[in-house]
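The structure appears below as C-alpha cells.
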Amino acid sequence: MARRSGRVRRERPPAPGRGALGTSPKAQTAPERDGPCRRHGRGEARCIVAVHNGGMLSRGGRPLRRATRFATAIVAACVALAALGPAPVAAAASSTVLDAVGQTYTLTARLDVDHGRVTVAERLTVRNGSRVPIDALDLSVLSRALGAYHADGPVTVGGRRATVRWTTGTNLRVSLRPALAPGRTTTVTIPFHLVLGAGDGSFGARMGRTDGVLNLGDWFPILSTVHDAHGVGDPQVTWAADRIRMELTLPEDVDPDQVATSGARVRWDAARRLLVTEIRHARNAAVALSPAYRVSEGDVDGTRVRVLALGDAGGTLLAHVGAALRRYADWYGPYPFPTLDVAETGVPEYGQEYPGLVFLGREVARSAFGVWHEVAHQWWYGLVGNDQIREPWLDEAVATFSSLYALGIAPATCSTLPVDMPITAWPAEPTTGDWSGCDGYAETVYLRGAVFLDALREVLGTERLFAILGAFVAAHRWEVARGQDLVDAFRAADVATDGVIRAFTGYP
C-alpha cells in the first residue's frame with residue numbers, strides 16, 4: 001500500500017531487451033525461530049510470532065516516503081507441541097500445523113452499496129493434513145477492529161453449535177470437539193453482517209463505503225494465527241486456500257461488469273441478481289463495486305485484465321498494468337492467476353493488493369510507481385507468501401525495488417535501521433499508526449529494503465539478481481517463505497553479498 005513513499009534520485013533507462021512503459025513487447029511455512037521460543041513443562045514449546053500482510057502507495061507520480069498501508073499487525077501466539085510420547089496431543093492450529101491444513105471457503109453475501117451493509121453466510125471446510133489432532137481454529141476477523149462485524153447467529157462445526165471466544169480484539173477461536181484427527185475434514189459455518197461507513201486511512205481504504213464505492217478487503221473470518229489489530233503494516237498471515245468461492249447478490253443499480261473480484265466469473269443469474277466467482281490457491285479474496293464504474297478490458301498474454309475506474313483513466317491504467325505484468329512475468333515467471341481486476345476505490349491515497357485484485361485510490365492510480373508496486377505483490381505475497389508481521393520486507397522491499405527498477409528510478413532512503421525489523425517495532429494504535437519519519441516503517445521496510453536489494457544488484461549484477469529472485473519464486477510457490485532462505489540464496493550465489501546483508505539486516 002502507498003501513501004507517501006520516498007525520494008527519487010536519478011533515472012536509469014529500462015532494462016535491456018524490455019519494452020518501454022505502457023507498450024506491449026503465494027508447502028512450507030516459516031518455522032518459529034528459536035529466539036522467541038521457550039520450553040514449558042513436558043515438551044511444550046510456546047512461541048510468540050508476529051504476522052502481517054502487503055501493499056504500498058504514492059502521490060503525484062512519485063513514490064511516497066509515508067507509505068500508509070492498511071495497518072493491522074497481528075501478534076500471533078503459536079503453540080507447537082514437541083513429541084515426547086507415542087500419542088499426538090491435540091492443539092490449536094499453529095503456523096506449523098496450518099501449513100498442512102487444507103481450506104476452502106464459500107461466501108454467500110448480499111451487498112447493499114447505498115447503506116454499506118453486507119450480509120454474509122460463510123462456510124469454511126477444513127481438512128487436517130498434519131500429523132496431530134487440532135482442537136481449535138483461530139480466525140482473523142479484522143472487520144471487528146473497525147466495529148463493522150456483527151454476528152448473526154451461532155458458529156457451528158459439523159452442524160453443531162460450537163464454543164467460541166475472542167482471545168484478542170480480532171481473533172475468534174473456534175473449539176473443535178472432538179478434536180479434528182489427522183486426515184479428517186469438518187465444516188465451520190459463520191453467519192454475520194458488516195455495517196461499513198466512509199473509509200478513512202488504511203483500514204477504511206480496504207473496507208468501507210466511500211464516494212459510491214463499496215470495497216471489501218479482509219472482510220471475512222479467515223484461518224490465521226492468533227493476532228490483534230495494529231496500525232502499522234498489514235493485517236495477518238494467511239495460507240493459500242484450495243478455493244474461495246463468492247456468491248454475491250448485487251443491488252439493482254450495479255451491473256455485474258461493475259464488480260471487481262478476486263477470481264474468475266463462474267456464472268451470472270440475472271433473475272436472482274447472483275454473481276458467482278471462484279479463485280484457487282488464494283490467500284484471501286476481495287470485492288469492490290460501484291454503479292459509477294467505467295470498465296476497460298484487455299488480454300495480456302492470456303490473462304484477462306479489467307480496470308474499473310471512476311473516471312476516464314481506465315485506458316492509461318490498463319496500459320500500465322499490462323506493461324507491469326509482462327515485465328514481472330519475465331523476471332519472476334508467469335502471472336499466477338487467470339484474471340486480474342484493478343479497481344479504483346474511494347480513499348484517494350491508498351492502494352492495496354489481493355490475489356487477482358488490486359485496489360487503487362485516485363492518487364495512487366495516477367502514479368506509475370503505485371500501480372507497478374501493487375501489481376508486483378501478485379508475485380510477492382500472492383504467489384510467495386511471507387510472515388508479514390515478522391518479515392514484512394520480504395514482500396514490501398521486493399515489490400518496491402521491482403517497481404522502482406522497472407521504472408528506471410533509483411531507490412533512496414534516510415533510514416539507518418535494519419530492513420528486517422517486524423512491524424511491531426513501530427508503536428501503533430489498533431487501526432492507526434505513524435508511518436512517517438526517517439526511521440519509520442515505510443522509510444525502513446519499503447525504501448531501505450529497496451536500497452538493500454539494489455546494493456545486492458551492484459554486487460551480483462542485474463541478470464544474476466533477477467535469476468536468484470526468479471528461482472526463489474519457483475521454489476516457494478504457494479508457500480509462506482522465510483527471509484533467511486532468500487539471504488542464504490544470495491550468499492550461496494556470491495560470498496561478496498555477505499557484507500551487504502550484514503550492513504542492512506540482522507540475519508546471521
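The values are calculated or read from the model by the stated rules, or taken from the named source; none is laboratory data. In this text, all values refer to a predicted model and were calculated from it rather than measured experimentally. Glycine gets a Cβ as well: all are built from the backbone with ideal geometry, and neighbour counts include every protein chain shown.
Consider Leu289 carefully, then state whether it is among the aliphatic types (A, V, I, L, M), closer than 25 Å to Trp219 by Cβ and surrounded by 18 or more Cβ atoms within 10 Å (Cβ to Cβ). Against the criterion (among the aliphatic types (A, V, I, L, M), closer than 25 Å to Trp219 by Cβ and surrounded by 18 or more Cβ atoms within 10 Å (Cβ to Cβ)), Leu289 qualifies.
Does any residue of region 369-376 turn out to be touching a strand residue (DSSP E or B) at 6+ places or on another chain (Cβ under 6 Å) and among the β-branched types (Val, Ile, Thr)? For region 369-376, residues touching a strand residue (DSSP E or B) at 6+ places or on another chain (Cβ under 6 Å) and among the β-branched types (Val, Ile, Thr): absent. On the basis of being basic (Lys, Arg) and closer than 26 Å to Asp228 by Cβ, does Arg165 make the cut? Judged against the criteria, Arg165 is a match. A single entry from Thr431, Thr462, Thr424 fulfils the requirement of being over 22 Å from Asn386 (Cα atoms) and either within 25 Å of the chain's Cα centre (by Cα) or among the β-branched types (Val, Ile, Thr) (or both): Thr462. In region 219-237, the residues that are part of a loop (DSSP other than H, G, I, E, B) reach residues that are at pLDDT below 85 and basic (Lys, Arg) with C-beta atoms within less than 7 angstrom, at least six apart or across chains, in these pairs: Gly233/Arg69; Asp234/Arg69. Of all residues in region 249-265, those satisfying the criterion of being among the aliphatic types (A, V, I, L, M) and either crowded, with 24+ Cβ neighbours inside 10 Å or under 15 Å from Asp387 (Cα atoms) (or both) are Val259, Ala260.
Is it the case that Val164 is closer than 17 Å to Ile244 by Cα and either at pLDDT 95 or above or surrounded by fewer than 20 Cβ atoms within 10 Å (Cβ to Cβ) (or both)? The answer is no for Val164.
Checking the structure you have, find out if any residue of region 396-414 is at pLDDT 95 or above, under 19 Å from the mean Cα position of the chain (by Cα) and under 19 Å from Arg206 (Cβ atoms). Yes, the conditions are met somewhere in region 396-414. Taking the stated definitions as given, is Ser130 buried (at least 18 other Cβ atoms within 10 Å of the Cβ), assigned to a loop (DSSP other than H, G, I, E, B) and of a type outside the set (A, V, I, L, M, F, W, C)? Here the answer is yes, as Ser130 does meet what is asked. Looking across Glu374, Glu363, Glu349, Glu429, one residue alone is among the acidic types (Asp, Glu), under 29 Å from Val287 (Cβ atoms) and modelled with pLDDT of 95 or more. It is Glu374. State whether the residues of region 139-155 include one that is surrounded by fewer than 16 Cβ atoms within 10 Å (Cβ to Cβ) and not in a loop (DSSP other than H, G, I, E, B). Within region 139-155, one or more residues are surrounded by fewer than 16 Cβ atoms within 10 Å (Cβ to Cβ) and not in a loop (DSSP other than H, G, I, E, B).
Cβ-Cβ contacts under 9 Å between residues 6 or more apart (or on different chains), taken from a first residue in region 289-309 that is aromatic (Phe, Trp, Tyr) to a second residue that is modelled with pLDDT of 95 or more and surrounded by fewer than 18 Cβ atoms within 10 Å (Cβ to Cβ), are listed as Tyr293/Asp255; Tyr293/Asp257. Filtering region 299-328 to residues that are under 28 Å from Trp219 (Cβ atoms), surrounded by fewer than 17 Cβ atoms within 10 Å (Cβ to Cβ) and modelled with pLDDT of 95 or more leaves only Arg304. Flag not set for Pro88, criterion: at pLDDT 95 or above and in a loop (DSSP other than H, G, I, E, B).
All of (1) polar (S, T, N, Q); (2) farther than 20 Å from Glu278 by Cβ; (3) out of contact with any helix residue (DSSP H, G or I) (no Cβ under 6 Å at 6 or more places or on another chain) hold for Ser296 with one exception: (3). Counting just the residues of region 379-389 that are touching a His at 6+ places or on another chain (Cβ under 8 Å) and not in a strand (DSSP E or B), which one comes out surrounded by the most Cβ atoms within 10 Å (Cβ to Cβ)? Within region 379-389, the match that is surrounded by the most Cβ atoms within 10 Å (Cβ to Cβ) is Gln388.
Candidates Thr261, Thr210: the one that is farther than 18 Å from Arg283 by Cβ and not acidic (Asp, Glu) is Thr210. I'd like to check something: does region 440-453 contain any residue that is small (Gly, Ala, Ser), modelled with pLDDT of 95 or more and more than 29 Å from Leu142 (Cβ to Cβ)? So far as region 440-453 goes, no, none of its residues is small (Gly, Ala, Ser), modelled with pLDDT of 95 or more and more than 29 Å from Leu142 (Cβ to Cβ). Before we move on, is Val295 buried (at least 24 other Cβ atoms within 10 Å of the Cβ) and either over 29 Å from Tyr441 (Cβ atoms) or within 15 Å of the chain's Cα centre (by Cα) (or both)? So Val295 fails the test. Taking each residue of region 416-436 that is within 18 Å of Gln236 (Cβ to Cβ) and looking for partners that are assigned to a helix (DSSP H, G or I) and among the small types (Gly, Ala, Ser) with beta-carbon atoms closer than 8 Å, six or more apart or interchain, yields Pro430/Ala145; Thr431/Ala145; Thr431/Gly201; Thr432/Gly201. Of the strands (runs of 3 or more DSSP E) lying entirely inside region 249-317, those containing at least 1 residues that are of a type in the set (D, E, K, R) span 264-269, 274-282, 294-300, 303-309.
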